[in-house]
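Q: Got a structure for you, written out below as structure tokens; questions coming shortly.
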């Protein structure tokens, strides 16, 4: 299955931000390699949503907030267990979308993770709050209002926000395709477990032959 750009299709470009590029605060190896092909692909879609991590200083996902080393794990029952280096702080250079993704191809910019005490890996719902609830970002409603039935997901990082977004999109009732060649992972070794999570949620993984 390949993208058609039909009105019933949307492209979700996840966190293509400078802090996630090689050399950034939370750089993903090869992240810069997917920018140009995503920009070309985006021109064929009627609906393109670019997500943007948009964290306040002292965000709950930052290792520095807890006085812990980066990539340490919080308690096993925490909804987002990994503590990350400070990244994508609101208004910072690193939080900006990559300039190789032109403004004119983006219909909607969705900022997530903007609440200090709640993270948001997914573009569709925040992670669980202390009471266990997961607030909607409103993206599912926006896509439905545009007649979108199928979403193609690409961007960074495959094993974190791309996977969370794709799984929640499927749970929201969309036909979901992850464009494997247009993703990169924080931990490439997690491919098998990530694929298992995606397929269990009914997500299609399109791999170039």
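Q: Of the residues in the range 138-169, how many are in contact with a strand residue (DSSP E or B) (Cβ under 7 Å, 6 or more places away or on another chain) and either surrounded by 20 or more Cβ atoms within 10 Å (Cβ to Cβ) or part of a strand (DSSP E or B) (or both)?
A: 18
Q: Tell me yes or no: at least one residue of the range 119-127 is more than 16 Å from the chain's Cα centre (by Cα) and either loosely packed, with under 14 Cβ neighbours inside 10 Å or in a loop (DSSP other than H, G, I, E, B) (or both).
A: Scanning the range 119-127 turns up no residue that is more than 16 Å from the chain's Cα centre (by Cα) and either loosely packed, with under 14 Cβ neighbours inside 10 Å or in a loop (DSSP other than H, G, I, E, B) (or both).
Q: Hey, any hits in the range 172-184 for a residue that's surrounded by fewer than 19 Cβ atoms within 10 Å (Cβ to Cβ), at pLDDT 95 or above and under 14 Å from the mean Cα position of the chain (by Cα)?
A: Yes, there is a match, as at least one residue in the range 172-184 is surrounded by fewer than 19 Cβ atoms within 10 Å (Cβ to Cβ), at pLDDT 95 or above and under 14 Å from the mean Cα position of the chain (by Cα).
Q: Mind telling me which of the residues 79, 37, 3, 56 ends up being at pLDDT below 95, surrounded by fewer than 19 Cβ atoms within 10 Å (Cβ to Cβ) and touching a strand residue (DSSP E or B) at 6+ places or on another chain (Cβ under 8 Å)?
A: 3
Q: Restricting the search to the range 98-113, which residues are more than 14 Å from residue 161 (Cβ to Cβ) and either within 14 Å of the chain's Cα centre (by Cα) or surrounded by 15 or more Cβ atoms within 10 Å (Cβ to Cβ) (or both)?
A: 98, 101, 105, 106, 107, 108, 109
Q: Looking at residue 45 and the list (1) farther than 24 Å from residue 170 by Cα; (2) in a loop (DSSP other than H, G, I, E, B); (3) at pLDDT 95 or above, which single condition is not satisfied?
A: (1)
The values are calculated or read from the model by the stated rules, or taken from the named source; none is laboratory data. Quick caveat: nothing in here was measured; it's all calculated off a predicted structure. So basically every Cβ, Gly included, is an ideal-geometry build from the backbone, and we count neighbours across all protein chains shown.
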